[in-house]
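Reading through the structure tokens given below for one structure.
Read-outs throughout are calculated quantities, based only on the coordinates presented, and are distinct from any laboratory measurement. This one's a predicted model, so the numbers in the text were calculated from it and none came from an experiment. Glycine also receives a Cβ, built like all others from the backbone with ideal geometry; neighbour counts cover every protein chain displayed.
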Amino acid sequence: MENQQLHELHEAHVRSFRAKMPVAPELKPPLSELQSTVVCRCRPLLPDHDNGSFQAVTTNGPNIYVHKEVSKAGLVDTTGKINSKKFQLHASTSDGDDQSIYDLFVQAVVEKSTAGGIGCVLAYGQTGAGKTHTIEAMMEIMFGTGIEIVAVSCFEIRSDEVHDLLNDGEELRVLTGAEGTDNIVGLKKVETVEGEVTEVVGRAKSLRSTASTNANDQSSRSHAFYTFFLPSGGSLTFVDLAGSENKADAISHSESENADERLKEMKEINKSLGDLKECIRLTLVNSKGGKQQHIPYRRSVLTRLLRTSLDVSPTSEVKTTFLCHVAPTRRSLPMTINSLNYAEQMVSATNAAREAAKFKGPEKWSPKMVASWVEKLDGGKYAKLAESMHMSGKIFQTMWLNDFIKRVCAAGGSEADGNYIYEKFHDLVAESKKKKKVKKVEEVTIEIVEGKKTGPKPDAAVMYGAGLSAACVENS
């Protein structure tokens with residue numbers, strides 16, 4: 001069968017699949033309540049770039065379906081049947097409207113920063129999927145809101161080295177401070193007034209490393225960070241990661257003499273992205289409880305500087321939106337599936353961390369969790385005392401009331417404040433112990449009634465073709 005006929009059959013089956021899709025389920029909890037949000041953005045087909053390809057990705061609320069033609073013995077099925085593999089994130093979109101992306105997934109991060117917190121918007125995915133377009137569009141929309149920005153710093157990571165994009169690309173060192181945080185020594189921070197930010201960022205973008213490749217005429221060859229400092233003391237960082245590549249995509253179609261250089265860049269980019277994926281994988285492993293695995297953040301400069309943004313716990317100091325970018329084309333499917341696999345792991349880690357926090361008794365809280373609880377108690381009424389609560393839940397639980405009241409008064413609170421916070425915390429401890437007893441009884445009851453429990457069955461993919469639908473499992 002001719003390729004054009006197969007192409008038309010594939011498109012017809014994708015349209016059939018979409019017509020039968022159920023209404024997208026609502027996310028619980030709402031996106032605004034999540035500390036880490038993972039979103040898939042699928043760019044539209046580009047007439048000048050994607051000729052001869054059918055729309056191989058469908059987005060539907062939190063669900064993403066990747067369509068792949070059925071093949072037998074390496075030969076494509078002549079009926080044009082497709083397998084549709086499902087992924088689930090917090091949200092997804094194939095809408096090309098940048099303003100909608102900002103309103104739905106970025107605005108909450110900006111609001112966190114303007115209130116004095118730390119925000120991060122991070123774009124990743126394969127090369128040519130639209131990451132740089134999205135990050136630049138999000139920054140432009142933010143500038144257009146009239147937000148006040150007092151200073152800007154911009155840098156890129158290239159070949160595991162940091163280069164200052166506001167200081168002629170000067171190479172800088174990354175050192176670990178006394179508190180274990182990694183800092184860039186000598187990074188230039190440019191103070192700005194109204195109307196100057198766009199020019200400053202434009203200057204930084206002009207210094208960023210790019211090159212023409214088969215996949216993208218303006219392919220980013222580095223990871224770029226743009227950080228904006230706000231009057232509230234908050235900060236917001238937009239991260240545009242270089243895209244993962246294969247050999248065919250990395251080589252320039254117009255500069256064959258630079259093929260070795262492009263391939264070297266590809267290996268360095270893929271290595272740093274591989275380190276990031278390993279950190280994501282182990283974050284998921286650790287979020288499930290049990291023996292904690294060492295997460296190798298120090299394996300690359302990229303993971304060292306993204307460490308706080310990868311904290312998916314509900315008490316994380318950073319509110320982050322991860323924008324996973326995929327291309328809609330058939331030829332991009334291996335990269336698309338790889339990107340979505342890791343995005344799904346990030347979602348699983350986020351969900352597991354939220355569930356763990358629900359059942360973690362206050363007596364097991366870390367000092368940061370205790371301080372966060374005090375800060376949010378009664379709508380922030382005792383936020384000014386949070387900094388003085390740097391103690392673990394175990395210490396708080398065993399502390400004498402009078403000693404606690406002295407601590408509160410020393411921090412500027414009253415005796416009544418101390419009594420109230422102390423009583424509320426110990427009420428939580430008692431309630432947590434009661435829930436644990438109930439949970440143990442339920443688990444024993446389930447085991448007696450059902451016997452040995454079995455794990456959930458894997459999601460089935462859906463095959464559409466010749467007017468029929470059947471369940472099948474796709475190995476990819």
Report summary line: Projecting the Cα atoms of ASN351, VAL370, ILE395 onto the charge dipole of segment 336-397, where Lys and Arg contribute +1 and Asp and Glu -1 at Cβ, the residue farthest towards the positive end is ILE395
Query raised in the report: Which of the pairs LYS85/LYS376; LYS131/LYS384; LYS264/LYS288; LYS288/LYS424 have their Cα atoms more than 32 Å apart in this structure?
Result: LYS85/LYS376; LYS131/LYS384; LYS264/LYS288
Requested in this report: Place the peptides 108-121, 395-408 in order of packing, highest mean first, counting for every residue the other Cβ atoms within 10 Å and averaging per peptide.
Outcome: 108-121, 395-408
Query raised in the report: Separation between the ARG18 and LYS271 pseudo-spin-labels, each 7 Å from Cα along Cα→Cβ, expressed in nm?
Result: 4.2 nm
Report summary line: One finds, for LYS264 and LYS434 with R0 = 45 angstrom and r their Cβ-Cβ distance, a FRET efficiency to the nearest 0.05 of 0.15
**Report entry** Cut-off under 5 Å, modelled amide H: who pairs with GLY125 long-range
**Finding:** SER244, HIS325
